[in-house]
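Below you'll find the structure, written out as structure tokens, and then a few comments.
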Amino acid sequence: MHRLHCRGAWGRGRIAAALALAAVMSGALAVLVRAATPVAGRLSASSGPITWVGPSTGGSSPDGEATCLEGTNCDTFTLTIAPGDYTGQRVRFKVSWSVLVDDYDVYIHQGSNDGPIVQSSTNGAPGTAEASTFDLNRVVTAGVNDVFTVHVVDFTVAPLDPYHGVVSLEAISGSPTRTATIVKSSKTGLAFSHSRSVYAFGSGQDVEPGVRVDYQGNAYVGGIRGLTGGNDVWRFDLNPSSATYDPFLLAATPAWDPSGNGNVSNPAWKGQPDATSPTDPSDLGGDGGGDMDLAVGFRPALPANGAPTLATSSLVAANVSTQRSTDRGDDFTNNPAGNTTGQVDDRQWMEFLGTNSVYLGYRDFTGLQATSKYYINRSDDGGLTYGPAVVAAVGGSTTGSIDVDQRDGTVYFCHQGDGATGNLEVRVAVGQPVNLSVPPVTYTTHVAATGRNQIANLFPVCKVASDGTVYVAYSDGGEGIYIAHSFDHGQTWAPPVRVSDVGPGGVALFPWIETGDRPGSLAIVWYGATAADSEDGLGGNTDAANWNVYFAQTLNATSSSPTILQTIASDHFIHGSNISLAGFTTGTSPNRNLADFFQVAIDPQGFALISFADDSADFAGHTYVAHQIAGYSLNTGKTARIKGTNAPTPIATSAPQVHDFRHDARAISPPPVMPDADSAADILTIGYGCQLVNGATWLTATMTTSGLNTVPPLGTWRMNFATNPTKPGLVDRADQWFVEADTDDAGNRTFSYGTAARSSDGSIAYTIRGAADSGVFDLTARSVTLKVDAAKLNALQTHGALKTGTTLMGLRGSATALREVISTPATSAATGFSDSTRAGGTFTIGACQQ
């Protein structure tokens, strides 16, 4: 029978239409099936628990909530809170299922799924439940923040395993402790740009990096060179509306002249705000450099032209010099006299109030801890000059940061307590002015938190949010990072809660925090080392520790059970050794290559910008930056991702792999001048390669300098490299090698090779192992070339043989000319000069020249 057989276009059209209609109905049915049952509920003090059941279709959303398709692999239950007084109460939610290998995730949003997130539970398989709480703790009014969505995502769920949801009310626990849920998996959605190193002309180090971002998106990073060396400032553009928007921080990388005659441009570097002669780079060196802080002006009440003011300060031996810029750091006005009216100070901190007032806090450096004084000065000209000092607190040890409530002018200055018990305390001195136009005249000190261990690991930090909530953060003996908060100007504090997880035996040091615009939002950073990553597997702040930069964010920091999203922000290990906690005094952790702190700031999109110190491939610590490019905005509470290509910093793999600034050789004896003249010690480039000699592989290294047209006596030209690290990119976990040319007092030349090793105090010890196979000075090319048979190195290696495919890393070098005559318009004298480079690219042993 052929009654159903249709002929012609008309028949085919009817079949197509019928199939299309069936598909539409099937799709509509699938959407209807893929929904919570019921889809909504109303919770009140008298309703009891509310339940619902999810669909049984299963699904998969490997990128979580950000890309799930409603009705396909995620669904929503809408929860309305009935009007009433819910002070002291919170909502508990739970989603449970049957199969251990299935994996549901739960996100609670305010208002709708497009609204800010207030809580989440995103554990991975195996498991059969996701559960947590979010606080109400207020009076709920109809139509005012009374609606929440429970967004359930099928991370990986097979069919026929529907979830069962329940929400209920419960009292917020009166327990003296709080416990956070710390999420560390890929489900956090957090991502960062590649870590970028910043460069400054003539800088042997730049550590203790600070960072600030103003409301226009001008992002400033600062680092210290050490006393008499001055400070450096870099600027990045984090304004999404700007034509030069740079979310991946590409401006950090200089462009070098291919001929090796110095750099063409160094986009981010703005010079030294405390420079003694800012118009002449050859006279670099500041009236400070011992410590530095930055502050940026806040948004004015009425729109204003021009950039927000940038204020900086620099620690001199017995004073603080201050600087101000009104053109985004292009130019600074320097006040070298300083205005601190207290005694010799230590570790100054700054913060703006409004557009033009700046508070400066510091501690005197003399006397006993019990009698030490903490001072605060106020500037009303953008941080250039300051009024008289006010004593904010008496008694204490390590200073912490200062912050100002932009609503009422309350000043917060935190510090560590004094004495055996006080060393466990985070104290906050609080000053409340009579109005915004005058500074506080008295301060009251409150104990914000008490650790189980001493909390000088290192600086306690305090921040006040735009809603007036005050936060403190500290490292409790290195075991973990803790935060606490106050709603009443620091008079009473919530119990501290641990917000880091570096595993058993792990160490977490140097915390810093910053708040977002959204209430309860907080960014947290610290240096962390896990036991699993350490060279001995034991953990602890020892020479075996390997460190990363950790980042965490929360949108409900004040919750009774906050959720913390944690990730590693650095794209490599930044340090392999101990980290000093003793300042300049001796102690069990003497390595000061990373100095004493680093910071995080929030950009206009609510994303984090981190500046940190790093000595992974360099002789000393230098400043690096990383910018958050995905995750939750701390301003809106919504997820976001910055579009664009997160390209790594280009790395030279062919000679020359190392570039250095021209004319940055420094006089060895004071004053620390860098003559604008050629010098035999002024390194320009270093190139590495290999050569086959009678079947043997020789490694080659060539250094060019600006003035090696004569070879001075008492000179050293050393080129470093490393092979086979246990941790990728971490030079101090590799075999370290060098080749070296030397001249004695009579000008006699020797050429050597040897091994190097980082000492516990951060210095590098060099041991000459033998004579190089070849060494020659080329005075026409102003270069020196050394060659060594790889077999000689293989006889000494401890991490693996050098062979075809082995990569040479940590390429860098140094030079000294202890007796060299350099003539400039300013000077003509025989003196000593030295120079060293930053780490460059890599070289992989491959097809070597014959």
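The values are calculated or read from the model by the stated rules, or taken from the named source; none is laboratory data. Source: prediction; values computed, not measured. With ideal geometry, Cβ positions are generated from the backbone for all residues, glycine too; neighbour counts draw on all protein chains shown. In case anyone asks, the SASA skips ligands and DNA or RNA and just uses the protein heavy atoms, side chains included. Shrake-Rupley method; radii C 1.70, N 1.55, O 1.52, S 1.80 Å.
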### Prolate/oblate/rounded label for the stretch 588-723 (Cα gyration tensor, a/c 1.5)
prolate
### Query
Nearest 10 degrees, 0 to 90: what angle lies between the long axis of helix 8-33 and the longest principal axis of the chain (Cα atoms)?
80 degrees
### Query
In a shell of Cβ-Cβ distance under 12 Å around Asp103, excluding Asp103 itself, what net charge do Lys and Arg (+1) and Asp and Glu (-1) give?
-4
### Task
Using Cα pairs closer than 8 Å and at least 6 residues apart in sequence, work out the relative contact order for the stretch 526-575, in percent.
32 percent
### Query
Which of the lysines could a cross-linker bridge to Lys373, judged by Cα under 28 Å and excluding same-chain residues fewer than eight apart?
Lys463
### Query
From the Cα gyration tensor of the stretch 519-617, with a ≥ b ≥ c the square roots of its eigenvalues, which class applies: rounded if a/c is under 1.5, or else prolate if a/b is larger than b/c, or else oblate?
prolate
### Task
On a C-alpha basis, how far is the centre of the stretch 636-682 from the centre of the stretch 391-458 in Å? Whole number, if you could?
38 Å
### Query
Relative contact order for the chain: what is it in percent, counting Cα pairs under 8 Å that are at least 6 residues apart?
9 percent
### Summary
Sorted list, accessible surface of protein heavy atoms, 1.4 Å probe, largest first, for Asp85, Asp381, Asp543, Asp214 is Asp85, Asp543, Asp381, Asp214
### Task
Run the dipole for the chain about the Cα centre, Lys and Arg Cβ at +1, Asp and Glu Cβ at -1, nothing else charged, and hand back the magnitude in debye, nearest 20.
2240 debye
### In Å², nearest 10: area of Leu714 left accessible to a 1.4 Å probe
60 Å²
### Query
Mind ordering 796-808, 47-59 by average Cβ neighbours within 10 Å, highest first?
47-59, 796-808
### Message
For a protection proxy built on the mean count of beta-carbon atoms within 10 angstrom, sort 325-334, 394-403 highest first, please.
### Response
394-403, 325-334
### Query
What lysines could a cross-link reach from Lys787, if we take a straight Cα to Cα line under 24 Å and drop same-chain neighbours fewer than 8 places away?
Lys803
### Summary
Note to self, the chain gives a 222 nm [θ] from helices alone (DSSP H runs n ≥ 4, -39500 (n - 2.57) apiece, / all residues, nearest 500) of -1500 deg cm²/dmol
### Message
So if I take the centroid of the Cα atoms in the stretch 76-108 and the same for the stretch 562-613, what is the distance between those two points in Å?
### Response
36 Å
#### Entry: Tensor-based shape of the chain (alpha-carbon gyration tensor, a/c under 1.5 rounded, otherwise prolate or oblate)
oblate
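Which order do the peptides 756-762, 717-723 come out in when sorted by mean C-beta neighbours inside 10 angstrom, highest first?
With the highest mean Cβ count within 10 Å placed first, the list reads 717-723, 756-762.
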#### Entry: Hits among aspartates and glutamates - C-alpha to C-alpha of Lys184 under 15 Å, sequence gap 8 or more where chains match
Asp63, Asp105, Asp501
### Query
Cα-Cα over 25 Å: which of Lys187/Lys643; Lys187/Lys638; Lys643/Lys727?
Lys643/Lys727
### Message
Explain nothing, just the number: relative contact order of the stretch 703-850, from Cα pairs under 8 Å at least 6 residues apart, as a whole percent.
### Response
25 percent
### Task
Place +1 on the Cβ of every Lys and Arg and -1 on the Cβ of every Asp and Glu in the chain, take the dipole about the Cα centre, and give the residue among Gly127, Ser763, Leu779 whose Cα lies farthest towards its positive end.
Gly127
### Query
So which chymotrypsin sites (Phe, Trp or Tyr not before Pro) in the stretch 451-521 end up in coil per DSSP with only 16 or fewer other C-beta atoms within 10 Å?
Phe487
### Task
Tell me which residues come under 5 Å, amide H to amide H, from Gly841 once H is placed; ignore anything under 5 positions away on its chain.
Ala652, Val658
